[in-house]
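Asks: The structure's right below; bear with me while I get my questions together.
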2 protein chains.
Amino acid sequence: MFDFTFHNPTKIIFGADKESLIGSELTAAGITKVLLVYGRNSVVKSGLLDRVLANLTASGIGCTQFGGVDSNPVLSHTREGVALAKRDQVEAILAVGGGSVLDEAKAIAVGALSDKDVWQFFVGKEVERALPVFTVLTLAATGSEMNGNSVVTNAETKQKYNIASPHVYPKVSILNPELTHSVPLNYTAYSAVDAIAHVLEGYFTKEPGTHLQDRLVEGIIKTVIETTDLIMAEPSHAKARASFMWTATLALNGLTPAGIGEYSFPNHMIEHAMSAIYNIPHGAGLSIVLPAWMKWYEAKNPSQFARFAKEIFGLDSGKAGIAALEQWFVTIKSPVRLAEAEIPATDIEKIAENAEGLAKQWGIGGLYPKETIAEILRLAV
Amino acid sequence: MFDFTFHNPTKIIFGADKESLIGSELTAAGITKVLLVYGRNSVVKSGLLDRVLANLTASGIGCTQFGGVDSNPVLSHTREGVALAKRDQVEAILAVGGGSVLDEAKAIAVGALSDKDVWQFFVGKEVERALPVFTVLTLAATGSEMNGNSVVTNAETKQKYNIASPHVYPKVSILNPELTHSVPLNYTAYSAVDAIAHVLEGYFTKEPGTHLQDRLVEGIIKTVIETTDLIMAEPSHAKARASFMWTATLALNGLTPAGIGEYSFPNHMIEHAMSAIYNIPHGAGLSIVLPAWMKWYEAKNPSQFARFAKEIFGLDSGKAGIAALEQWFVTIKSPVRLAEAEIPATDIEKIAENAEGLAKQWGIGGLYPKETIAEILRLAV
């Protein structure tokens, strides 16, 4: 165990129809006007947007609508949101959507209270305050509903960078698992990969010997695999969708890394570089990167890979555990090779170059020069 | 999965010497005057009290000292604390000690802002507000440092009752595992039992099928057993003490029951009745009650007991799992029979009578009439 601070003040309201509480939660927080941030078609078609708007109206809460968030949210759109939030002097940001919508909403919350361009907070400026963020989640994957992270892509510079700040933890996040029943199976698979990657990064890159956290991670992974398999067989499996949703939240809410000391996010680093250039779903990119990185990294931490193989798959060698995870990604139809995402092997140097910038920003540049990143990516050819 | 709300806003600061941050945390919260609640000798002898007082002085925070909390905190002393808090118009309660000190501090925080007698909040009156509570923890066991519970005994009526309220979650809890190195091994054993009991109550009494929560519970229990064994062999085992401390916190911070639906606390109910009468350590009482209750309850949920046996001890039957847990309690020298705590079997009816009152208050009176409670206790003769 290492020193840590754990402080996750987000209130989670979980269950069927709980989005009907959003108005009363905003009112309880003294909010009278929000910027409602959402994505493209799904929340309109499903009727969720109308239900939320009606709920706000019934609670007497003013609302500026701001749709059109991309699945990899971009800086230019975020800046538009910041301008709108300032123009209408909203008091909070309400995100209705998946992790991308939540991430952009958080960035808008930061930008709305600053005279600086919001991108400055992604490239080093410390966040000192933000408007309160409220969320209604429609996709279980990123954990953004219960953490202080926001990832946005600067399309001009091809940088997919992030804010990490206690000021952008959502005040309230509403998780209605029924809203996720209609998530297509390919995106469900990418979400499963994302949740698994979130916990595996720390699990493999920390120092050994923090068994409680190992067990929490293993419990999360086993549950993700179990519930994803159930969902693949029956997409509206209510119990599996619900358990999957809460598990994905716990996979990146600060619980599993508390006390593990130093660790790093090499897979996210490489994947962010990939999806900054190719606009592939984050989870799809991760299922390509993760097995490759595991093959490359296994010799650096063999006992933990052996533990992983045994605990998750009942197998006797680290290499067999990696193969089993990769095979499971194949089974749920998430890509495991660059070609499956139409990324040519000749682009590996370009991705590695982009990832190296992130490696430097995240303080692991020494471990991951571009030559090493390219070597890892060649394992995914 | 069932509907739930999870909201645990306590900030945990974990690590060596972190008690030196208490002054700055209070200052950051705008606090200028506290009631410092503590127990008897240990925090004085260890020098911790002096260090905390010096830290408060250095931060310019006024302080009224209020020592003498019992290991089963009593109402009469709590009332004195309430009177002091009101007299000196303190703005927060600072608890320095173990779970008992924290529990009494929370009760004082409630009483200090009310015109009613504080006991009313233990027998049904809803808590609407409380002074903010800050804690420096010296004993890992009860989880009080990160939850909204407070248990106090009314010595006159022999009622050991509790408050459960979102208003008494500590604002900040400082966990320095080094402060627990000197905890005697018998109390360490009782603490281990307490943490295990906290997670097993829900594990066995909920409906089946919430596997994520089952896995979290199993991870917690395995870690408690592993770290306790290490501490028994080497009382100042730094990693084990640290891991044990954080594990005990997670065992009762709302994480494991989130989403499991209805469950109950029969073992705590019976033990509270025992220690209301006999003033035995809570964990010692639990290690007597828990195996007895498990033997009685096993037939009502055989698959979960079989799961417990397999996951925790690698055994093939529920009964063998119960025997293994009981044997482990014996190994760590926590009592498993009434006689070991000098409780005569002839008192069983008296305890059952007392517990029945709590069963009614906790809404499980129908399941636990006094005859049933007596039947369970006879399994501990």
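Asks: Can you give me the % of accessible surface on segment A:182-378 that is carbon or sulfur? Probe 1.4 Å, all protein chains present, nothing else counted.
Replies: Numbers: 3720 of 6820 Å².
The computed percentage sits at 55.
Asks: Would you mind telling me the antiparallel percentage of the DSSP bridges in segment A:11-179, rounded to 5?
Replies: On the way: 6 of 30 bridges.
The antiparallel fraction comes to roughly 20 percent.
Asks: Treating only the Cβ of Lys, Arg, Asp and Glu as charged (+1, +1, -1, -1), what charge dipole size does segment B:11-179 show about its Cα centre? Round to the nearest 20 debye. The partial results should precede the final answer.
Replies: Working: 16 positive and 17 negative charges, 24 e Å.
Computed charge dipole of segment B:11-179: roughly 120 debye.
Asks: Can you give me the angle between helix B:348-361 and the longest principal axis of chain B, using Cα atoms only, in degrees from 0 to 90, rounded to the nearest 10?
Replies: With rounding to tens, the tilt is 70 degrees.
Asks: Taking the Cα centroid of segment A:291-319 and of segment A:334-381, what is the distance between the two, rounded to the nearest whole Å?
Replies: 21
Asks: Taking trypsin sites (Lys or Arg not before Pro) as candidate sites, keep only those in a DSSP loop with at most 12 other Cβ atoms within 10 Å, then name the longest stretch of chain A containing none of them.
Replies: Longest stretch, sites excluded: A:130-381.
Asks: With θ taken as phi - 60° and the coefficients 6.51, -1.76 and 1.60, list the Karplus ³J(HN,Hα) couplings across segment B:236-247 in order, rounded to whole Hz; mark glycine and proline as x.
Replies: Whole-Hz 3J(HN,Hα) from phi for segment B:236-247: 9, 4, 4, 5, 5, 4, 5, 5, 4, 5, 5, 5.
Asks: Write down the accessible area per residue of the protein assembly as shown in Å², having rolled a 1.4 Å probe over the full set of protein chains.
Replies: Numbers: 27610 Å² over 762 residues.
Computed with neighbouring chains in place, this is 36 Å² per residue.
Asks: Bin width 10 Å, origin at 0, all Cα-Cα pairs of segment A:218-310: what percent of pairs per bin?
Replies: 14, 34, 41, 11, 0
Asks: Here's a follow-up. Taking A:A83 in one copy and the same position in all the others, each labelled 7 Å out along Cα→Cβ, what are the pairwise distances from the first, in nm, shortest first?
Replies: List, nearest first: 6.7 nm.
Asks: Other chains near A:237-245: what is the mean number of their Cβ atoms within 10 Å of each residue's Cβ?
Replies: On the way: counts 0, 1, 5, 1, 1, 6, 7, 2, 2.
The mean count of partner-chain Cβ atoms within 10 Å per residue comes to 3.
Asks: Next up: Using only DSSP helix segments of four residues or longer, with each worth -39500 (n - 2.57), what per-residue ellipticity at 222 nm results for chain B after dividing by its residue count and rounding to 500? List each step's numbers first, then the result.
Replies: Details: 14 runs with 183 residues, N = 381.
Only helices count here, giving -15000 deg cm²/dmol.
Asks: Quantify how strongly other chains surround peptide B:10-17 by giving the mean number of their Cβ atoms within 10 Å of each of its Cβ atoms. Before the final figure, lay out each step's value.
Replies: Details: counts 4, 6, 7, 5, 8, 6, 1, 1.
If you average over the peptide's residues, the count of other-chain Cβ atoms is 5.
Asks: While we're on this one: Does any residue of segment A:195-221 lose at least 50 Å² of accessible area with all protein chains in place compared with its chain alone, and if so which ones (probe 1.4 Å)?
Replies: A:L212, A:R215, A:L216
Asks: A follow-up question, please. Please identify, among A:D214, A:D17, A:D194, the residue showing maximal mean-square fluctuation in a Gaussian network model of chain A using a 10 angstrom Cα cutoff.
Replies: A:D17
Asks: So, one more: Which value, in debye to the nearest 20, describes the size of the charge dipole of chain B about its Cα centre when Lys and Arg Cβ atoms bear +1, Asp and Glu Cβ atoms bear -1, and nothing else is charged? Don't skip to the answer; put the middle values down first.
Replies: Values: 32 positive and 40 negative charges, 67 e Å.
About 320 debye.
Asks: Please report the Cα spread of segment A:11-179 along all three principal axes, rounded to whole Å, starting with the longest.
Replies: 40, 29, 25
Asks: I've got another one for you. At a threshold of 8 angstrom on Cα-Cα distance, excluding pairs fewer than six apart, so keeping six or more, what relative contact order does segment B:11-179 reach in percent?
Replies: So the answer I get is 28 percent.
Asks: Taking the Cα atoms only, what angle lies between the long axis of helix B:48-58 and the longest principal axis of chain B, rounded to 10 degrees?
Replies: That helix lies at roughly 40 degrees to the long axis.
Asks: Taking every pair of alpha-carbon atoms in the protein assembly as shown, what share in percent sits in each 20 Å bin, from 0 to the bin with the longest distance?
Replies: Once binned at 20 Å, the Cα pair distances of the protein assembly as shown give 16, 48, 31, 4, 0.
Asks: Taking 2.2 N^0.38 Å as the expected size of a compact globular protein, what ratio does the Cα radius of gyration of chain B give against it, to two decimals? Walk me through the numbers before you get to the answer.
Replies: Working: Rg = 20.0 Å, N = 381, 2.2 N^0.38 = 21.0 Å.
Here the answer is 0.95, to two decimals.
Asks: Run the dipole for the protein assembly as shown about the Cα centre, Lys and Arg Cβ at +1, Asp and Glu Cβ at -1, nothing else charged, and hand back the magnitude in debye, nearest 20. Write out the running numbers ahead of the final one.
Replies: Numbers: 64 positive and 80 negative charges, 94 e Å.
The dipole magnitude comes to about 460 debye.
Asks: Defining the label point at 7 Å along Cα→Cβ, can you sort the distances from A:E340 to the same site in each other copy, shortest first, in nm?
Replies: Sorted ascending, the copy-to-copy spacings read 5.4 nm.
Asks: Here is a follow-up. Hey, can you grab everything whose amide H is under 5 Å from the amide H of A:V136? Only 5+ residues off in sequence or another chain; H modelled, so Pro and N-termini drop out.
Replies: Under 5 Å from the amide H of A:V136 lie the amide H atoms of A:A95, A:V96, A:G97, A:I174, each far enough along the sequence or on another chain.
Asks: List the distances, in nm to one decimal, from the label point of B:A54 to the label points of the same position in every other copy, shortest first, placing each label point 7 Å from Cα along the Cα-to-Cβ direction.
Replies: So the label point of B:A54 gives 6.5 nm to the other copies.
Asks: Let me ask something else. Putting +1 on Lys and Arg Cβ atoms and -1 on Asp and Glu Cβ atoms, find which of B:L325, B:W296, B:L212 reaches farthest to the positive end of the dipole of segment B:185-378.
Replies: B:L212
Asks: Another question, if that's okay. I'd like the interface area for chains B and A: accessible area of each alone minus the complex, both sides summed, 1.4 Å probe, protein heavy atoms only. What is it in Å² to the nearest 100?
Replies: Between B and A, the summed buried area is about 3100 Å².
Asks: In whole percent, how big is the carbon plus sulfur part of the accessible area of segment B:11-179, probe 1.4 Å, protein atoms only? Walk me through the numbers on the way to the answer.
Replies: Details: 2970 of 6300 Å².
Summing carbon and sulfur atoms, their accessible area is 47 percent of the total for segment B:11-179.
Asks: Also, quick follow-up: Does anyone have the angle between helix A:302-313 and the longest principal axis of chain A? Alpha-carbon axes, 0 to 90°, nearest 10?
Replies: 70
Asks: Mind checking which chain B residue has its Cβ closest to the axis relating B to A, and how many whole Å off it is?
Replies: Nearest residue, distance rounded to whole Å: B:P9, 2.
Asks: For chain A, modelled as a Gaussian network with Cα springs under 10 Å, which listed residue fluctuates most, A:V110, A:V123, A:V289?
Replies: Ranking A:V110, A:V123, A:V289 by mean-square fluctuation puts A:V123 first.
Asks: Need the C-alpha centroid separation for segment B:104-152 versus segment A:245-279, integer Å.
Replies: So the separation of the two Cα centres works out to 37 Å.
Asks: OK, next. Which of the GluC sites (Glu not before Pro) across segment A:306-381 are loop residues per DSSP, with 11 or fewer other Cβ within 10 Å?
Replies: Details: sites: A:E311, A:E326, A:E340, A:E342, A:E349, A:E353, A:E356, A:E371, A:E375; in loops: A:E342.
Here the sparse-neighbourhood loop sites are A:E342.
Asks: Another one. With both bridge residues required to lie in chain A, what share of the DSSP beta bridges run antiparallel, to the nearest 5%? Each step should come with its number before you reach the end.
Replies: Values: 6 of 30 bridges.
Around 20 percent of the beta bridges assigned by DSSP in chain A are antiparallel ones.
Asks: Using Cα springs under 10 Å in a Gaussian network model of chain A, which residue among A:S165, A:S59, A:S46 shows the largest mean-square fluctuation?
Replies: Looking only at A:S165, A:S59, A:S46, the largest GNM fluctuation is found for A:S46.
The values are calculated or read from the model by the stated rules, or taken from the named source; none is laboratory data. If you're wondering where the values come from, they're calculated on a predicted model, not measured in any experiment. With ideal geometry, Cβ positions are generated from the backbone for all residues, glycine too; neighbour counts draw on all protein chains shown. Each accessible area value is taken on the protein alone, full model and side chains, heavy atoms only, with ligands, DNA and RNA left out. Shrake-Rupley method; radii C 1.70, N 1.55, O 1.52, S 1.80 Å.
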